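Asker: Below is a structure I'd like to ask you about.
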There are 2 protein chains.
Amino acid sequence: MQRRSFLTKAGVGAGAVTAAVVAPAVRAQAQIRWRLASSFPKSLDTIFGAGEVFSKSVKDATGGKFEISVHQAGELVPAFGVVDAVQNGTVEAAHTAPYYFFGKDETFALDCAVPFGMNSRQQTAWMFEGNGMNLMREFYKQYNIVNFVMGNTGAQMGGWYRKEIKTVDDIKGLKMRIGGFGGKVLAAIGGVPQNIPGGDIYPALEKGTIDAAEWVGPYDDEKLGFNKIAKFYYYPGWWEGGPQLTLMVNTKAWDALSAENKAIVQASASHAHVHMQSRYDALNPAALKRLVGGGSQLRPMPRPVMDAAFKAANELYADLSAKNANWKKVYEDWVKFRNDQVLWFRVAEREFDSFMASQKL
Amino acid sequence: MQRRSFLTKAGVGAGAVTAAVVAPAVRAQAQIRWRLASSFPKSLDTIFGAGEVFSKSVKDATGGKFEISVHQAGELVPAFGVVDAVQNGTVEAAHTAPYYFFGKDETFALDCAVPFGMNSRQQTAWMFEGNGMNLMREFYKQYNIVNFVMGNTGAQMGGWYRKEIKTVDDIKGLKMRIGGFGGKVLAAIGGVPQNIPGGDIYPALEKGTIDAAEWVGPYDDEKLGFNKIAKFYYYPGWWEGGPQLTLMVNTKAWDALSAENKAIVQASASHAHVHMQSRYDALNPAALKRLVGGGSQLRPMPRPVMDAAFKAANELYADLSAKNANWKKVYEDWVKFRNDQVLWFRVAEREFDSFMASQKL
């Protein structure tokens, strides 16, 4: 029997209980029903889609006995309210980019992306085969959260700008939508970061409330239409070389699962992880071609801006290590792993990719 | 009830049936027991380990009702006999590098790696979100195989050489162990490829039966001890920029599974896929440092050798497209996807990785 008393507790909305009652009679076994709050709009099939891939895998693996409804940002809770919702048991699960929550504790960002961090594969390796998962599980305990790696976008673009960026001076006073933690480094080199959910960026950029905006990469950015209102498209997003998405599960909901369902949640999260990165990789090339074909101007971020940001990032990390014991503990392991990864990726990976990049294909 | 008549058929060894009979009485439900033949020695916890991660996930997700025993190369069937064994139903499943089987049909290699192919993430994207899975499923039907993506090593090293390689002339007459399909291109530029299972390479290199040998990368290579008998360690392995491992399941065994178990196999294969790449990434840096610290000489493969191999590879692919309809069908889709991936990875991914590679960390 999979049904757990947790489901009937006040923390879970009445909707979930009702839904279980009206389930078709052919399903003799009791149901587990979870609600998953995504921080993303449904229109983004890539990042919102990871929640759906996860939910379908769990449902299929349990013959429909464990169903997880996936809700877009704002449907149950706001995009940036999902950690509170999981912590309080308002929902059993959430899918989000943890760096949004650096205001609670900067350590959240190390479960996602920090400026000049790891790329997608490297961050995944730290979580699965380094100390990342153990360290983040320990950190999340205080929020009643059990975390799972569930998606990555790959290295993001540096965003859309109305004016060209040529020197660090062009960053001074620049009002820019930037995801989460990276804004702290942007501020350190003179920018004015704005933390705005995906669905609200376009009107802000259109009205001129902000001068620039980054979101993800060609495929998502094209959907949100930024190319219509800003001409220059920069790369890379130095603040997110491989931002990782996280499935957050309420600790009581997790503890109430059978060992079988725990294994199914774990494997399904990994399955969604693979799917999400693959979907971005598969969809970005054609979107980039369309954007450039439509007149968007592709520009590398000037090296002096990158250098200034790199210096500011390292100063910030040293400062945080002095002030925040949670950060210090996780960062020290993370940065050692990152440095080793960069060393290793300089060899076979880089030489192979460089040779391919040099070919006319 | 999960038990399937397939289990009692002649194709499955008597051992499997006996094991099911002696299962503890506390397990009231019938068992499914599969045997998985790996093409790799148990000593390689990375690549052999992917089979174990997969098996554990399936077992945990089914509460022990579906058990898969994982057997190293030679235990049930030889390393290069696993396709025949799955096709004939001698075993229900195998874990292998499909390019070993290019002698049956070169198309196998496109499910793994061909020279100057895709890197790890790109190949995964083609399978999960491009047309790769559909095309390979169709191809494998003729072998009674249902395939799943299950592991990748990342870009491999170019192997161990007794003498330095400076020009294409140094390749002429070079007897080299090289995995699978890449040997065809090595032969085209004058080398003498040898297809030898992992466990048999060391004695061949030690005795001088071969002049050079490539296996995987620092961690695995160090275990096999090649650094003791060859001084020069080249990168990258241009014939395998992201070789993918495949779980092969006998079609009858697959069809006999419930929908729930099918979903569990799929999610567990993806879980093992993530683990395997992560394990390589996590373990290679320290192994590389040890090898270099121990006196191994790290060398980039000279550009003229890469250029000659690239030209030979393209000629080979054109030739195969004219001769092999299976190859042509899959290759045309694959190469279009690869070219788009290389274009896209030139932008944010490359610029981010390059900046990081340029830092003293």
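Asker: Considering only the other residues whose Cβ falls under 15 Å of the Cβ of B:Trp327, what net charge follows from Lys and Arg at +1 and Asp and Glu at -1?
Answerer: -1
Asker: Still on this model: Any idea what the A:Gly295 label distances to the other copies are, label 7 Å down the Cα→Cβ vector, nm, shortest first?
Answerer: 6.6
Asker: Taking the axis about which chain B rotates onto chain A, which residue of B lies nearest it as judged by Cβ position, and how many whole Å separate them?
Answerer: Taking the axis that maps B onto A, the answer comes out as B:Ala267, 2.
Asker: Rounded to the nearest 100 Å², what is the sum over both chains of accessible area buried where B meets A, with a probe of 1.4 Å?
Answerer: 6600 Å²
Asker: A further question on this structure: Using Stokes-Einstein with the Kirkwood hydrodynamic radius over Cα pairs, what translational diffusion coefficient do you get for region B:30-72 at 4 °C and a viscosity of 1.567 mPa s, in µm²/s rounded to a whole number?
Answerer: So the translational diffusion coefficient is about 123 µm²/s.
Asker: Once Lys and Arg get +1 and Asp and Glu get -1 on their Cβ, which of A:Ile68, B:Thr96, A:Val192 lies farthest toward the positive end of the dipole of the protein assembly as shown?
Answerer: Result: A:Ile68, furthest along the dipole toward the positive end.
Asker: Something else about it: If you count, for each residue, the other Cβ atoms within 10 Å and average over each peptide, how do B:347-355, B:66-74 line up from highest to lowest?
Answerer: B:347-355, B:66-74
Asker: Starting from a label point 7 Å past Cα on the Cβ side, list the distances from B:Met133 to the same position in the other copies, nm, shortest first.
Answerer: So the distances to the same position in the other copies read 2.2 nm.
Asker: Per residue in region B:143-180, which ones lose no less than 50 Å² of accessible surface when going from chain alone to all protein chains (1.4 Å probe)?
Answerer: B:Ala155
Asker: What are the principal axis extents of the Cα atoms in region A:284-361, in Å, biggest first?
Answerer: Taking the Cα atoms of region A:284-361, the three principal extents are 48, 31, 23 Å.
Asker: In a solvent-free Debye calculation with one equal scatterer on each Cα, what is log10 I(q)/I(0) for the protein assembly as shown at q = 0.05, 0.06, 0.11 Å⁻¹, listed in the order of the q values?
Answerer: -0.24, -0.35, -1.20
Asker: Follow-up question, since we're still on this one. Rounded, prolate or oblate: which one fits chain B, using the alpha carbon gyration tensor with axes a ≥ b ≥ c (rounded when a/c is under 1.5, else prolate when a/b beats b/c, else oblate)?
Answerer: prolate
Asker: Hey, which lysines would be in cross-link range of A:Lys329, C-alpha to C-alpha under 29 Å, not counting anything within fewer than 8 residues on its own chain?
Answerer: The reachable lysines, counting only those whose Cα sits under 29 Å from A:Lys329, are A:Lys104, A:Lys141, A:Lys184, A:Lys252, A:Lys262, A:Lys311, B:Lys289, B:Lys360.
Asker: Now for a different question. Could you work out Rg/(2.2 N^0.38 Å) for region A:167-249, with Rg from alpha carbons only?
Answerer: Rg over 2.2 N^0.38 Å, computed on Cα atoms: 1.09.
Asker: For chain A, set up a GNM with springs between Cα atoms under 10 Å and report which of A:Pro203, A:Pro243, A:Pro78 has the largest fluctuation.
Answerer: Taking springs between Cα atoms under 10 Å, the residue moving most is A:Pro203.
Asker: Starting from a label point 7 Å past Cα on the Cβ side, list the distances from B:Glu75 to the same position in the other copies, nm, shortest first.
Answerer: So the distances to the same position in the other copies read 4.5 nm.
Asker: Same structure, new question: Answer with one residue from B:Gln277, B:Pro203, B:Leu343: the one whose Cα lies farthest towards the positive end of the charge dipole of chain B, charges on Cβ with Lys, Arg +1 and Asp, Glu -1.
Answerer: Farthest towards the positive end: B:Pro203.
Asker: Restricting the count to DSSP beta bridges whose residues both fall in the protein assembly as shown, what percent are antiparallel, rounded to a multiple of 5?
Answerer: If I count the DSSP bridges inside the protein assembly as shown, around 45 percent turn out antiparallel.
Asker: Related question: Give me the Debye-computed log₁₀ of I(q)/I(0) at q = 0.21, 0.24, 0.29 Å⁻¹ for region A:223-279, equal point scatterers on Cα only, no solvent, two decimals.
Answerer: -0.94, -1.06, -1.17
Asker: Under 20 Å Cα to Cα from B:Lys163, which lysines show up? Leave out anything in the same chain fewer than 8 places away.
Answerer: In chain and number order, the partners are B:Lys172, B:Lys175, B:Lys207, B:Lys228, B:Lys231.
Asker: Let me ask another. Keeping the other protein chains in place, figure out the carbon and sulfur percent of the accessible area of region B:253-351, with a 1.4 Å probe.
Answerer: 55 percent
The values are calculated or read from the model by the stated rules, or taken from the named source; none is laboratory data. None of the values given here were measured: they were computed from a predicted structure. Neighbour counts are summed over all protein chains in view; Cβ atoms, including those assigned to glycine, are modelled from backbone coordinates with ideal geometry. Side chains included, ligands, DNA and RNA excluded: accessible areas come from the protein's heavy atoms. Shrake-Rupley method; radii C 1.70, N 1.55, O 1.52, S 1.80 Å.
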